[in-house]
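The structure appears below as structure tokens.
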Amino acid sequence: MKRPYAMIAGTGHAVPKRVFMNSDFASIGIDTTDEWIFDRTGIRQRYIAGAGETLTSISVEAAHQAMEAAGVTAAELDAIVLGTASPDRLLPATAVEVQAALGATRAVAFDVDAACSGWLFGTQVAEGLMATGNYETILVIGAELLSRIINWKDRNTCVLFGDGAGATVMRKSTRQRGILSAYMRSDGTLADLLQREKGGSREPITAEIIEEGGHYLSMAGREVFKNAVRSMADAADRALDGAKLSASDVDLLIPHQANIRIIEATAKHANIPMEKVFVNVGTYGNTSAASIPIALNEAVRSGRIKDGSIVMFVAFGAGFTWGSMVVRF
Ligand code: UT7
């Protein structure tokens, strides 16, 4: 069956005001260096939310940009899908807060919990909603305030992550523009490798959990790295196969921005030269679900994506979850 051509009609992104440089970790007592962080990850700085900045506030700012670019008003939104692992509240979903702030009264709103794959999975959910025939215009957001869920005393994780939001407006296209192929996978047997173990309903928050930091994000970095390289390489192959394209057809690869070494390994496996790979991990750190839509917005606004460009997205995150998508713009 022919795909309905769910296209990305507008993009936007927002970050908190404060820039936190690698050199700033010394001021909070973390034993690390700019050299270690940059050599291992490619990260130079990240944005960190301050008082008054929330997941909703940066999501709404990104959404306004994407809606303006798409020429869409809040009243026209049929759905809001928000990928995040760091919601403003545990209940209800942050998507409904975004709905209220935008005044998108007709839109059904819900979160997608797929960690760093959140925007990619959310976009595929949006495509599925469109295929029902009941949804024409959908706002998909990937947003994180990871600074609020990381352990700022754990150098294994706190140097890696950043805050931000990316938004895209999806519309049905009558032209041959939109999603050409899509792929999603999960492997819950590896859930323990990247998690927030405690503070959920299995082990509700206690003073002891807070004391030991069990409610913070924890990660087995080396294991996650190996799985990310393997899964993202596989996902890149699947996306191309699904779209019946070869690597040389891809104008731009936008991979999840976790680590420059993972990005380079994915590009090498997919046989895509680094000139055709969008990289901004140095500026934002790993913003999880926000990383691909932030990169997409920068790529669109800097002219690296033009009418007709073939763009491949590849994501990987906690769960594990991973996937890919090929889109003609
Ligand atoms: O979004 C998807 C999820 N996340 C990822 O994709 C991240 C995947 N993992 C990675 O990117 C890498 O594994 C890291 C960047 C986290 C770590 O790089 P690595 O080359 O795998 O380093 P390592 O874990 O092998 O650690 C090497 C050493 C350790 O010391 P010992 O045990 O060898 O003496 C660490 O204690 O580096 C030490 N170390 C640090 N040193 C300075 C760990 N963190 C730091 C730090 N500064 N911030």
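The values are calculated or read from the model by the stated rules, or taken from the named source; none is laboratory data. What you are looking at is a predicted structure, and each value in this text was computed from that prediction instead of being measured. Ideal geometry is used to build each Cβ from the backbone, glycine not excepted, and the neighbour counts take in all protein chains shown. SASA here: full protein model, heavy atoms, side chains in, ligands and nucleic acids out. Shrake-Rupley method; radii C 1.70, N 1.55, O 1.52, S 1.80 Å.
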For region 98-199, evaluate the Debye formula with one uniform point scatterer on each Cα (no solvent term) and list log10 I(q)/I(0) at q = 0.22 Å⁻¹, rounded to two decimals.
-1.28
Output ordering of 195-205, 120-130 (per-residue mean of other Cβ within 10 Å, highest first) is 120-130, 195-205
Using the eigenvalues of the Cα gyration tensor, what equivalent ellipsoid semi-axes result for region 5-176 when each is taken as the square root of five times the eigenvalue, whole Å, largest first?
33, 16, 14
Report the gain in length on full extension from residue 223 to residue 100: 0.36 nm times residue separation, minus Cα-Cα distance, nm rounded to one decimal.
40.3 nm
For the pair residue 155 and residue 280, how long in nm is the line joining their label points, each one 7 Å along Cα→Cβ?
3.0 nm
Keeping the other protein chains in place, figure out the carbon and sulfur percent of the accessible area of the chain, with a 1.4 Å probe.
51 percent
Before I look further, what does the chain give for accessible area per residue, probe 1.4 Å, in whole square angstrom?
43 Å²
With the charge dipole of the chain built from beta-carbon charges (+1 for Lys and Arg, -1 for Asp and Glu) about the Cα centre, the Cα from 82, 320, 70 projecting farthest to the positive end belongs to 70
So how far apart, in nm, are the two label points at residue 269 and residue 208 if each is 7 Å from Cα heading toward Cβ?
4.1 nm
Three semi-axes of the equivalent ellipsoid, the chain, Cα gyration tensor, whole Å, largest first
29, 23, 18
Where does each of 161-173, 274-286, 255-267, 177-189 land if you order them by average Cβ count within 10 Å, highest first?
161-173, 255-267, 274-286, 177-189
With a Förster distance of 45 angstrom and the Cβ-Cβ distance between residue 148 and residue 246, calculated FRET efficiency to the nearest 0.05 equals 0.60
Entries in 172/276; 17/226; 172/268; 244/268; 244/306 that, when Cα-Cα distance is taken, lie over 31 Å
17/226; 172/268
Theoretical gain in end-to-end length, residue 90 to residue 187 [0.36 nm per residue, Cα-Cα removed]
32.6 nm
What ³J(HN,Hα) values, in whole Hz, does the Karplus curve 6.51 cos²θ - 1.76 cosθ + 1.60 give for region 141-146 when θ = phi - 60°, with x put for Gly and Pro?
10, x, 8, 8, 10, 5
Using a Gaussian network for the chain with springs between C-alpha atoms less than 10 Å apart, which of these wobbles most: 319, 12, 242?
242
Between residue 24 and residue 174, what length in nm is gained on full extension when 0.36 nm per residue of separation is reduced by their alpha carbon distance?
49.0 nm
Sort 304-311, 22-29 by the packing proxy (mean of other Cβ within 10 Å over each peptide's residues), most packed first.
304-311, 22-29
